[in-house]
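Laboratory data are not the source of any read-out in this text; all were calculated from the coordinates shown. Being a predicted model, the structure only gives us computed values, none of them experimental. Glycine also receives a Cβ, built like all others from the backbone with ideal geometry; neighbour counts cover every protein chain displayed.
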Amino acid sequence: MESQRKPRILLVEDESISALEMRETLEGLGYEVLPVLASGDEVLGSVLSRRPDLIIMDIHLKSYIDGVDAVSRLRMVSQVPVIYVTAYTGEGVESRARGTSPADYLEKPVEESRLKASVEKALARP
């Protein structure tokens, strides 16, 4: 019997505690978490080489470009589903994020049940 491949998730998060918590939660739910990225500048190359099934993207990153800019660039070559996470809310940020057609938008701290539901929904999208 052939085993089915676990869905691969790319986590882009520059806060190590948040990254560790989300990684442990996702792995506990049975997903393969690719090496965590801390910079939006690395996203395009990682997506092209590792082919994740889903990206969980922090919006505010300590890099040249933020999460929304990284996804905007990514959309030119890939429609991989993206779930945004952020501790900073506001209509301006949400409006920019909606422009990239995300699967979901979660506020930090992200509850495990909310993350699970959001990931399942995003991976089920055609």
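Could you give the distance between the Cα centres of the stretch 42-61 and the stretch 66-86, to the whole Å?
Centre-to-centre distance over Cα atoms comes out at 8 Å.
Check each of the chymotrypsin sites (Phe, Trp or Tyr not before Pro) in the stretch 1-110 and keep only those in coil by DSSP with at most 15 other C-beta atoms within 10 angstrom; list them in order.
On the way: sites: 31, 64, 84, 88, 105; in loops: 31, 64, 88.
When the chymotrypsin sites (Phe, Trp or Tyr not before Pro) of the stretch 1-110 are filtered for loop state and at most 15 Cβ neighbours within 10 Å, 64, 88 remain.
Identify all lysines with a Cα-Cα distance to residue 121 below 24 Å; exclude those on the same chain that are fewer than 8 residues away in sequence.
Excluding near neighbours in sequence, the set is 6, 108.
Need the list of aspartates and glutamates near residue 116 for cross-linking: C-alpha distance under 19 angstrom, and skip anything on the same chain fewer than eight residues off.
13, 21, 24, 27, 32, 53, 58, 104, 107
Can you list the residues, at least 5 places off or on another chain, whose amide H is less than 5 Å from the amide H of residue 33, using H built in the peptide plane?
Sorted by chain and number, the residues that satisfy this are 9.
Out of these labelled values of Rg and Dmax of the Cα atoms in Å, (i) 14.9, 49; (ii) 15.0, 44; (iii) 13.6, 50, which was calculated from the coordinates shown here?
This structure yields the entry labelled (iii).
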